[in-house]
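Below is one structure, written out as structure tokens; comments come after it.
Please treat every number below as a calculation from the coordinates, not as lab data. None of these values were measured; they are calculated from a predicted model. Quick reminder, even Gly has a Cβ in these numbers, built from the backbone with ideal geometry, and neighbours come from all protein chains shown.
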Amino acid sequence: MQYILSKRFEKDFAKLPKPVKKKVLLVLQRFVDDPFDPSLRNHRLSGKWSNHVSVNVTGDIRAVYVYIDDDMVHFVAVGSHSELYG
């Protein structure tokens, strides 16, 4: 699986603490290797995020993406549950 990052994702990522940034990078690599790895806890979203999917980075940090096609996704945001959905 391949991915691209939105400007918002890059801005959100820049604001994260260094240890969380490292976890995000690990999650993105795991996603490339196996987008359905159970540790990612992929789940479809609803409401304003309908048609998007979220993966867990930490207990509270999520990365949100949307499918472009079968082999490409667009990561659009990363942040805490309350920042993204609140």
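If you take the residues in the stretch 35-52 that are assigned to a loop (DSSP other than H, G, I, E, B) and charged (D, E, K, R), which one is surrounded by the fewest Cβ atoms within 10 Å (Cβ to Cβ)?
R41
Considering (1) surrounded by 13 or more Cβ atoms within 10 Å (Cβ to Cβ); (2) within 13 Å of the chain's Cα centre (by Cα); (3) not hydroxyl-bearing (S, T, Y), say which one L26 fails and leave the rest.
If we test L26 against (1) surrounded by 13 or more Cβ atoms within 10 Å (Cβ to Cβ); (2) within 13 Å of the chain's Cα centre (by Cα); (3) not hydroxyl-bearing (S, T, Y), just (1) comes out false.
Among all residue pairs at least 6 apart or on different chains, which show Cβ distances below 8 Å where the first residue, located in the stretch 5-27, is free of Cβ contacts under 8 Å to residues at least 40 places away in the same chain and the second is part of a loop (DSSP other than H, G, I, E, B)?
Between residues of the stretch 5-27 that are free of Cβ contacts under 8 Å to residues at least 40 places away in the same chain and residues that are part of a loop (DSSP other than H, G, I, E, B), the close pairs are K23/V57; K23/T58; V27/V57.
Taking into account only those residues within the stretch 53-81 that are surrounded by 11 or more Cβ atoms within 10 Å (Cβ to Cβ) and of a type in the set (G, A, S), which is farthest from the chain's Cα centre (by Cα)?
S80
Quick one: how many residues across the stretch 53-86 are part of a strand (DSSP E or B) and of a type in the set (D, E)?
Final tally of qualifying residues: 1.
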